[in-house]
Each structure stands twice: as structure tokens, then as C-alpha cells.
Amino acid sequence: MGHGSIIILTMKRRDFSKYSLLLGVGAMTGCKPGSSGMFDTQTATSYTEPSRKLPARDFDVVIAGGGTAGVVSALAAAKQGAKTILIESKGYPGGTIVEGGTALHSFFNIWKAFPGVEKRQVVRGIPQEIIDRLVKVGGTAGHAEMSEGAEFDSVCTNIDTELYKLVTFEMLIESGVNVCVNTLLTGAIMEGNALRGVIAESRSGREAIFARSFVDCTGYGDLAAFAGAQYTEPNDYDVCNSVGMGNVDIARIYDYLKSRDDIYQLCYGTRGGENDKIVRIQGKMVNVPDEFKKSADDIGMTMTTTTMHDNYLMFIKFNMKVPVSPTDRDAVVKTDLELRKRQLMGVGLFKKYIPGFEKAFIARTSPTLTIRRGRCIICDYDITHEDVIEGRHFNDDVFIYGFHDWAPKYMVKDGGTYGIPYRALCVKGIDNLLVSGMMITSDRRSHMSTRNTVSCMGQGQAAGTAAALCAQKECGTRDLEYDLLRGTLEKSGVFFES
Ligand SMILES: Cc1cc2nc3c(=O)[nH]c(=O)nc-3n(C[C@H](O)[C@H](O)[C@H](O)COP(=O)(O)OP(=O)(O)OC[C@H]3O[C@@H](n4cnc5c(N)ncnc54)[C@H](O)[C@@H]3O)c2cc1C
């Protein structure tokens, strides 16, 4: 991806010939120092890139980031007939949903915490279509009802993360999306307040991609930042690298926790093809040995786990706070190394103290650090804590949602839902850029609801649909007629309260 030049940037002048030969750019040593495209001879700390003509492609809609929100956003845009491109830096679609999370919270209202309240599936549309496809290949435990810990969530939707990658990849290709994995979005082409295109880099080279509408689903808000949007970097969460543990005996783990009255969450569903098996288990971490508790705390290890397979628990999390925002390259290096050391210690602790883990091993880790938030992009509306817990709806709702990750401390009133207004997805100051996913909502209390996977997916459908309609109508995001957007979303299976 053309990173050779980064090494040139950071080295001292006397090292240049040596490194340039190693990099195979020896011919450059013949260039006159200080000439255009050369390194700065005085300090060797900067490099002026020569201008060059890039190949360009043209689309209706660009979706930046093929993660939790981006996959759904791209599917939604393509569903409206938009010529859509999806740019994803990793080698597969899925994002944090396949790399860090636990279960998909939540397709339903949390009715169990409010006796007498009706069970309602509030998130449908494309997110449910993905679940339906997963069911066919045994890639989900389904919407299994929580039997203990139901005041936190009423259902637990587990996925097989590898099958999720495959199924969403297939759906994207079938729907005609131009899928560019292993492709990093590195810049924005602006014309006044409008985005005209993006710069993307892959092993096929650097290119310009033009479009009429854009959706930033990068989690970090990279495209919005490149486009000059206003943002904050609150750095208010731990970052994480989670582990899947193989060779565990789930029945013995359950027996041990049960015997100590230490089960907080429990859910039964389809595991290894059989029904009524444990698919989620979380200890209270109260009645386990003190040494285990203390050491687990020290290394930021939590014990919420889900599974779809016998002898396997996924997403045992190792968390830590980084002193600076996770957009900082060097901080991320140190943190990822530290978390990986902690993972080894963590497996050791489980083996030593919790029956059922004696032969456990690390079966997978997150490919990169997973974050709960990077940049928070300033949009036309910022969803407040009161909006969420009071269950407020807006005259431009594009999605409704009912789960809060801090339940039972904070829950949507009466087991209801609140609305995500369209304006909460419109990036302030930019004519044709929408966002969806973890980067909306500044208040951490409301973010603890909007950042959840199923919310990101629903936002993705709204933003992708809107982007396609804007491209069709040749209008900016703020000029799109709400009734048209709402009607189109309803026709695509999105559920609204009224
Ligand atoms: C440790 C952890 C545990 C969690 N547990 C749960 C849980 O149990 N239940 C729940 O519902 N939610 C959970 N969440 C929250 C939820 O998973 C995330 O908030 C959500 O998945 C974020 O979705 P997103 O689309 O915003 O970002 P992502 O899913 O992260 O998608 C962003 C995508 O953009 C790509 N990308 C980024 N930058 C670029 C670029 N410049 N060019 C190209 N591609 C780029 C990334 O590779 C990625 O695929 C958890 C989060 C974390 C970190």
C-alpha cells in the first residue's frame, strides 16, 4: 500500500542510502535533495509527495468501512439500485461484530425486565435478513431468550463469526455491490462543502473513487475526518482484544459457577446443532476464588462468554484504558502487545482456578485492537440520554431501538423504544455525507445504547437507503424528502412504532 515512503520520512539522512537500497528505491538517491518529491534535507522529518495522476472510477454511493453498519448500509444502497462500492481495509466484511463483541444486542425490546410488556421485534429489515441467511448455514443460535440476567437483555443472538463473514460477503456480491476488501480509504476529495470522491489504496494501487453520496461506516470516522467534519475524541472507554478459548468443558464450568451461586447471565439456544444448550454464560465474579478475581481485575479480564460450538467459548475480553485516543498509532502498538501478554496470563488463570478450563487454549484473538469509540462525529442532531431513556421519537425517525448496554441501571422507559432521527446521521457542514455506527452520539450514556451492534446495523440500513435516494434524486442529504425515505425504509422491512 505504498508505505515504503513512511520509512523514508522517519529516518536520519545518513541512513537514507542504506534504507533506500533495502526498499528497492536506490534510483531515488540520485535525485537532488530538496527537489519536489524528495525528503527534506535539513531535518529528514518531512517529505513532499510529488503530484500524480490517479486512475478514477465513478459510483452513485461510496460506503466507507465494511463492518457492522457498513455491510448493511451497502446492501441497503444496492437494494435501491444504486451503483455502490464498499471500501474495507481488512480482508473480509463484518468489522467489530466478528472481532470483538459478544452477542448481537438487540433485535427486541427488553420486555422481560418490564412484566406485562409485549414482546416485540423492533429491528427487522436487512439485519434480520442476515440472520435468516445465517440460520440456513447454521451460523446463528437464533434469537434465544435469556433465562437468567434478563433484566439486562431479553434475548441473546449469537453468531458464528466466521460464517457471518462468509454470508455477508455472499450477500454483498449477490446484491451487486463492488466489494473492495484489503483496501484502505486514505483521503477525501472536496469541492466546497460537498464530497466529490475518496482516495483508496490497495495492492492494485492508489485510485480516486467519485460518487454522489457517501456513508462513513469506518467506526473511527476516518472519511468524515478526511472531509473536514468537526469531531471530538473522547477516549472514554477501554479498548479491548478478546479471546476465543478452545477445549473447554462448558457443562463443568456451569456446574462450578452454579454450585457457587455465581451465575449472572444464562441463555439456552442452539449449540453444535442441538437445541437447549448453553449459548451464553456470565459469572458474577463474586463467589469465585479471591486470587482469581483480583488477578482478573488487574488484567482487565471479564467473563461474559457466548458460544455456538461445544468446547468453545468466544469473546473473553481483555480491556485496558489507553492514555490517548485509539486513533494514536504508537499507543495502539503498545496496547495491543500488552493485551496479548494479558491474554496468556488470563488463560493461565482460568486453567488454574475454574474447573472446565484445564485444557483450554487460545483459539482466536481479535485481528486488531477493538474499540468502543474513536472519533465522535458532529452531526445535525446529537441523541441525548433523556431521548433514549424517555423513549422519545422524532418526526424524522429512520430507525427505532430498545436496548441499553447499561441495563438495568438505564433502560428505555416501559420496555419501549426510542427513535434515531435522520438528522443524527447527517454530518454537520457537509452536504452529502452520512454516518452510521459507533461514531454518533456524544453522551456516553446514550452512546451505550446507540453503539450496540444491532443499532449500528439499523442505522446502516437508514443511511445506505438515504444515500441511494440522494444519488437518485441528485440532491444533498438535507434536501431528501423525509416521506420518501420513510416509505422506502418501510417497504424494505424496517419496523416503526406507528
Ligand atoms: C470489546 C467490545 C465488545 C462489545 N460487545 C458488544 C456486545 O456484546 N453486543 C453488542 O451489541 N455490541 C457490542 N459491542 C459494540 C459493537 O460491537 C460496536 O459498537 C459495533 O460493532 C460498531 O460497529 P461500526 O459499524 O460502527 O464499526 P465496525 O464494526 O468496527 O466497522 C468499521 C469497519 O470499517 C473498517 N475501516 C476502518 N477504517 C477504515 C478505512 N480508513 N478504510 C477502510 N476501511 C476502514 C474496519 O476495518 C471495520 O470493518 C462491543 C464492542 C467492543 C469493542
Checklist outcome for this item: Pairs returned, first residue in the range 94-105 that is β-branched (Val, Ile, Thr), second residue that is part of a loop (DSSP other than H, G, I, E, B) and near the ligand (Cβ under 6 Å from one of its atoms), beta-carbon separation under 9 angstrom, 6 or more apart or interchain, are Thr96/Gly67; Thr96/Gly219; Thr96/Ile371; Thr96/Arg372; Thr96/Gly437; Thr96/Met438; Ile97/Gly67; Val98/Gly67
Next on the checklist: Looking at the range 406-422 only, could you name the residues that are over 15 Å from Asn109 (Cβ atoms) and surrounded by fewer than 19 Cβ atoms within 10 Å (Cβ to Cβ)?
Outcome noted: Trp406, Lys409
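Just checking, which of Asn452, Asn395 is within 15 Å of the ligand (Cβ to nearest atom), surrounded by fewer than 24 Cβ atoms within 10 Å (Cβ to Cβ) and modelled with pLDDT of 95 or more?
Numbers: Asn395 fails: within 15 Å of the ligand (Cβ to nearest atom).
Just one listed residue meets the conditions, Asn452.
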Checklist entry - Of the residues that sit in the range 308-330 and are under 20 Å from the mean Cα position of the chain (by Cα) and farther than 13 Å from Ile371 by Cα, which one is modelled with the highest pLDDT? => result Arg329
Next on the checklist: If I filter the range 444-456 for residues that are over 22 Å from Tyr231 (Cβ atoms) and aliphatic (A, V, I, L, M), do I get at least one hit?
Outcome noted: yes
Checklist entry - If we scan the range 367-390, do we find a residue that is among the aromatic types (Phe, Trp, Tyr), in a loop (DSSP other than H, G, I, E, B) and in contact with a Pro (Cβ under 9 Å, 6 or more places away or on another chain)? => result yes
Checklist entry - So Thr477 fits all but one of (1) closer than 24 Å to Gly101 by Cα; (2) surrounded by 17 or more Cβ atoms within 10 Å (Cβ to Cβ); (3) more than 15 Å from the ligand (Cβ to nearest atom); what number is the exception? => result (1)
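Considering only residues that are among the aliphatic types (A, V, I, L, M) and surrounded by fewer than 17 Cβ atoms within 10 Å (Cβ to Cβ), which ones fall in the range 312-349? Even if it seems obvious, please write down each step before you answer.
First, the residues of the range 312-349 that are among the aliphatic types (A, V, I, L, M): 313-314, 316, 320, 322, 324, 331-333, 337, 339, 344-345, 347, 349.
Once the filter is applied, which keeps residues that are among the aliphatic types (A, V, I, L, M) and surrounded by fewer than 17 Cβ atoms within 10 Å (Cβ to Cβ), the range 312-349 yields Met320, Val324, Val333, Leu337, Leu344, Met345.
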Checklist entry - Among (1) within 13 Å of the ligand (Cβ to nearest atom); (2) assigned to a strand (DSSP E or B), where does Ile189 come up short? => result (1)
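Which fully enclosed helices (runs of 4 or more DSSP H) of the range 395-498 have 1 or more residues being free of Cβ contacts under 8 Å to residues at least 24 places away in the same chain and either within 21 Å of the chain's Cα centre (by Cα) or under 21 Å from Val71 (Cα atoms) (or both)?
Details: elements: 444-450, 453-473, 482-491.
Answer list for the range 395-498: 482-491.
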Checklist entry - For the range 239-267, how many residues meet the condition of being touching a residue at least 40 places away in the same chain (Cβ under 8 Å), surrounded by fewer than 20 Cβ atoms within 10 Å (Cβ to Cβ) and among the polar types (S, T, N, Q)? => result 1
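Name the single residue that is surrounded by the fewest Cβ atoms within 10 Å (Cβ to Cβ) among those in the range 192-214 being of a type in the set (Lys, Arg) and not in a strand (DSSP E or B). Spell out the reasoning first.
Restricting attention to the range 192-214, the residues satisfying the condition of being of a type in the set (Lys, Arg) are 196, 203, 206, 212.
After this cut, where a residue has to be not in a strand (DSSP E or B) as well, the list is 203, 212.
Values: Arg203: 8, Arg212: 24.
Result: Arg203.
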Checklist entry - Among the residues of the range 229-238, is any in contact (Cβ under 8 Å) with a residue 40 or more places away in the chain, within 16 Å of the ligand (Cβ to nearest atom) and hydrophobic (A, V, I, L, M, F, W, C)? => result yes
Checklist entry - Could you list, in sequence order, the residues of the range 459-473 that are away from the ligand (no atom under 11 Å from the Cβ) and touching a Pro at 6+ places or on another chain (Cβ under 9 Å)? => result Gln461
Item to check | Inter-residue pairs, beta-carbon under 6 Å, first more than 23 Å from Val347 (Cβ to Cβ) and in the range 315-328, second assigned to a loop (DSSP other than H, G, I, E, B), 6+ apart | outcome: Ser325/Glu233; Ser325/Asn235; Pro326/Ile371; Pro326/Gly374; Thr327/Gly374
Item to check | Count - residues of the range 363-378 that are farther than 30 Å from Glu497 by Cα and within 16 Å of the ligand (Cβ to nearest atom) | outcome: 10
Checklist entry - Cys426: crowded, with 18+ Cβ neighbours inside 10 Å, within 16 Å of the ligand (Cβ to nearest atom), more than 28 Å from Thr157 (Cα to Cα) and not aliphatic (A, V, I, L, M), yes or no? => result no
Next on the checklist: Which pairs turn up if I take residues in the range 366-393 that are in contact (Cβ under 8 Å) with a residue 24 or more places away in the chain and look for partners that are in a loop (DSSP other than H, G, I, E, B) and away from the ligand (no atom under 16 Å from the Cβ) with beta carbon separation below 6 Å, at least 6 apart in sequence or on another chain?
Outcome noted: Ile378/Gln230; Ile378/Lys428; Cys379/Lys428; Asp380/Lys428; Gly391/Gly416
Item to check | Failed item, numbered, when Phe403 is tested on (1) closer than 16 Å to Gly244 by Cα; (2) in contact with a His (Cβ under 7 Å, 6 or more places away or on another chain) | outcome: (1)
Checklist outcome for this item: Of those in the range 299-311 that are β-branched (Val, Ile, Thr) and part of a strand (DSSP E or B), the residue surrounded by the fewest Cβ atoms within 10 Å (Cβ to Cβ) is Thr302
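What are the residues in the range 204-216 that are more than 14 Å from the ligand (Cβ to nearest atom) and in contact (Cβ under 8 Å) with a residue 24 or more places away in the chain, if any?
Keep residues of the range 204-216 that are more than 14 Å from the ligand (Cβ to nearest atom), which gives 204-205, 208, 210-213.
Gly205, Ala208, Phe210, Ala211, Arg212, Ser213, listed by residue number.
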Next on the checklist: Looking at the structure I just gave you, is Tyr381 more than 16 Å from the chain's Cα centre (by Cα), more than 30 Å from Tyr256 (Cβ to Cβ) and within 13 Å of the ligand (Cβ to nearest atom)?
Outcome noted: no
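The values are calculated or read from the model by the stated rules, or taken from the named source; none is laboratory data. These figures come from a predicted structure and were not determined experimentally. Note that each Cβ is placed from the backbone with ideal geometry, even for glycine, and that neighbours are counted across all protein chains shown.
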